[in-house]
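K.L.:
I'd like to ask you about the structure that follows.
The values are calculated or read from the model by the stated rules, or taken from the named source; none is laboratory data. Note that this is a predicted model, so its numbers are computed, not measured. Every residue, glycine among them, receives a Cβ derived from its backbone with ideal geometry; neighbour counts consider all protein chains shown. Heavy atoms of the whole protein, side chains included, go into the accessibility calculation; ligands, DNA and RNA do not. Shrake-Rupley method; radii C 1.70, N 1.55, O 1.52, S 1.80 Å.
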Amino acid sequence: MESVKIKAYAKINLHLDVVSKYENGYHEVRTVMQSVSLCDEVEVALNGTGKNSLWCDIPTVPTDEKNSAWRAADMFFERCGLKLGADIRINKRIPVAAGMAGGSTDGAAVFKALNILCKEPLTEDELLELGGKLGADVPFCISGGTKYGDGTGAQLHGFPEMPHCHLVIACGTEGVSTPWAYSVLDGLYGNFADGEYTPSDIDRLKSALVSCDLKSTVDNMYNIFESAVEPHRPDVTRIKNALLESGALGAMMSGSGPSVFGIFENVDQARDAVSVLEAMKIQAFVAEPVKGI
Ligand code: ATP
């Protein structure tokens with residue numbers, strides 16, 4: 001049976017801030033997202049049964065319609081008016097519930113794979129639009145690279161590319177639920193009512209990227225979720241300290257956490273940092289930024 005295999009890349013946020021809260025309870029964000037080479041492998045084949053099947057090598061990941069990859073298949077077939085099913089296999093490498101868009105990127109991979117298998121019924125713009133209905137991070141996971149996102153994060157704009165570097169991505173054992181992290185933020189910043197919070201500047205990060213200045217890029221990273229999550233997840237601080245002591249130019253939490261990334265110029269230092277973290281019983285990976293479409 002013909003199948004398509006897609007590398008579903010994880011994302012980190014170089015910048016993540018909340019601007020306001022919409023009446024429907026969603027938050028308006030400003031973010032700069034970056035795809036990284038840490039990835040799940042997603043293999044998709046068509047079956048003629050009208051029903052999906054899903055296998056994943058990690059037992060805690062749901063294997064039914066609760067899995068975003070399964071839902072992506074249903075949405076794709078419905079949008080294209082196709083009475084087909086998909087057999088989906090996920091080899092999971094991205095830590096789950098870690099703030100690296102693991103579920104979103106698997107969903108994005110299924111959209112891409114099905115569009116190939118069904119001879120491209122959807123344009124890239126239509127895929128991005130459909131992706132936005134599955135989740136705010138999905139359009140970014142479809143297009144990848146370095147992108148600026150606003151609104152719910154699903155509205156994407158080009159942004160200068162991240163310079164080449166080595167990343168160490170690490171994750172403590174206790175996951176973070178994104179709705180919980182937002183509720184802590186709401187408590188800290190008065191529900192983002194007018195005038196309660198001034199969003200941080202993004203222009204210095206943009207200038208640093210334009211001039212390919214890695215040190216200045218690191219100095220101008222920001223994630224509002226650190227203030228909400230770090231006090232509740234001591235591993236975040238332990239990992240950041242270990243990365244900095246191993247020679248990282250900088251280290252920050254990604255998304256709503258608890259994953260943390262460190263940025264290194266030197267690959268040997270990055271590898272040493274992974275050994276240090278593994279000795280602390282922390283899962284860690286060396287990765288690199290990945291370009292988008
Ligand atoms: P985001 O950054 O998009 O908010 P995350 O990276 O923090 O997400 P995920 O790894 O997507 O978190 O996991 C969040 C929850 O989604 C998990 O508890 C899991 O049960 C569920 N889930 C659904 N589909 C998947 C999938 N394909 N991979 C991992 N988790 C999934």
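K.L.:
Quick one: in segment 40-85, of everything that is in contact with a Phe, Trp or Tyr (Cβ under 7 Å, 6 or more places away or on another chain) and within 12 Å of the ligand (Cβ to nearest atom), which residue is nearest to Gly175 (Cα to Cα)?
P.N.:
Looking at residues that are in contact with a Phe, Trp or Tyr (Cβ under 7 Å, 6 or more places away or on another chain) and within 12 Å of the ligand (Cβ to nearest atom), I get Thr63.
K.L.:
Regarding segment 50-58, can at least one residue be identified that is open to solvent by 20 Å² or more (accessible area, probe 1.4 Å) and more than 22 Å from Lys92 (Cβ to Cβ)?
P.N.:
Yes, because at least one residue in segment 50-58 is open to solvent by 20 Å² or more (accessible area, probe 1.4 Å) and more than 22 Å from Lys92 (Cβ to Cβ).
K.L.:
Sticking with this structure for a sec: Given the criteria touching an Asp or Glu at 6+ places or on another chain (Cβ under 9 Å) and open to solvent by 20 Å² or more (accessible area, probe 1.4 Å), does Lys291 qualify?
P.N.:
yes
K.L.:
Keeping to segment 94-124, report how many residues are surrounded by fewer than 24 Cβ atoms within 10 Å (Cβ to Cβ), within 11 Å of the ligand (Cβ to nearest atom) and of a type outside the set (A, V, I, L, M, F, W, C).
P.N.:
Residues flagged as surrounded by fewer than 24 Cβ atoms within 10 Å (Cβ to Cβ), within 11 Å of the ligand (Cβ to nearest atom) and of a type outside the set (A, V, I, L, M, F, W, C) within segment 94-124 amount to 1.
K.L.:
Only one residue in Asp186, Asp194 is assigned to a helix (DSSP H, G or I) and either free of Cβ contacts under 8 Å to residues at least 24 places away in the same chain or surrounded by fewer than 20 Cβ atoms within 10 Å (Cβ to Cβ) (or both), so which one is that?
P.N.:
Unique residue meeting the criteria: Asp186.
K.L.:
Here's another thing I want to ask about it. In segment 231-280, which residues are of a type in the set (Val, Ile, Thr) and open to solvent by 10 Å² or more (accessible area, probe 1.4 Å)?
P.N.:
Those that are of a type in the set (Val, Ile, Thr) and open to solvent by 10 Å² or more (accessible area, probe 1.4 Å): Thr237, Val267, Val274, Val276.
K.L.:
Please find, within segment 199-213, the residue that is surrounded by the fewest Cβ atoms within 10 Å (Cβ to Cβ) out of those that are among the hydrophobic types (A, V, I, L, M, F, W, C) and assigned to a loop (DSSP other than H, G, I, E, B).
P.N.:
Among residues in segment 199-213 that are among the hydrophobic types (A, V, I, L, M, F, W, C) and assigned to a loop (DSSP other than H, G, I, E, B), the one surrounded by the fewest Cβ atoms within 10 Å (Cβ to Cβ) is Cys212.
A quick yes/no check of all residues on (1) under 19 Å from the mean Cα position of the chain (by Cα); (2) modelled with pLDDT of 95 or more; (3) open to solvent by 50 Å² or more (accessible area, probe 1.4 Å):
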residue	(1), (2), (3)
Lys5	no, yes, yes
Val36	yes, yes, no
Gly48	no, no, yes
Glu65	no, yes, yes
Asp74	no, yes, yes
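K.L.:
Further question on the same structure: Cβ-Cβ distance below 9 Å, separation of 6 or more or different chains: which pairs start in segment 60-76 with a residue that is without any contact (Cβ under 8 Å) to a residue 60 or more places away in the chain and in a helix (DSSP H, G or I) and end on one that is among the β-branched types (Val, Ile, Thr) and open to solvent by 40 Å² or more (accessible area, probe 1.4 Å)?
P.N.:
Close Cβ pairs satisfying both conditions: Trp70/Thr63.
Every residue, every condition in (1) assigned by TED's automatic domain parsing to the domain that holds Leu16; (2) of a type in the set (Gly, Ala, Ser); (3) more than 23 Å from Gly102 (Cβ to Cβ), yes or no:
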| site | (1), (2), (3) |
| --- | --- |
| Thr217 | no, no, yes |
| Phe225 | no, no, no |
| Val229 | no, no, no |
| Asp235 | no, no, no |
| Ala242 | no, yes, no |
| Ser254 | no, yes, no |
| Asn266 | no, no, yes |
| Met280 | no, no, no |
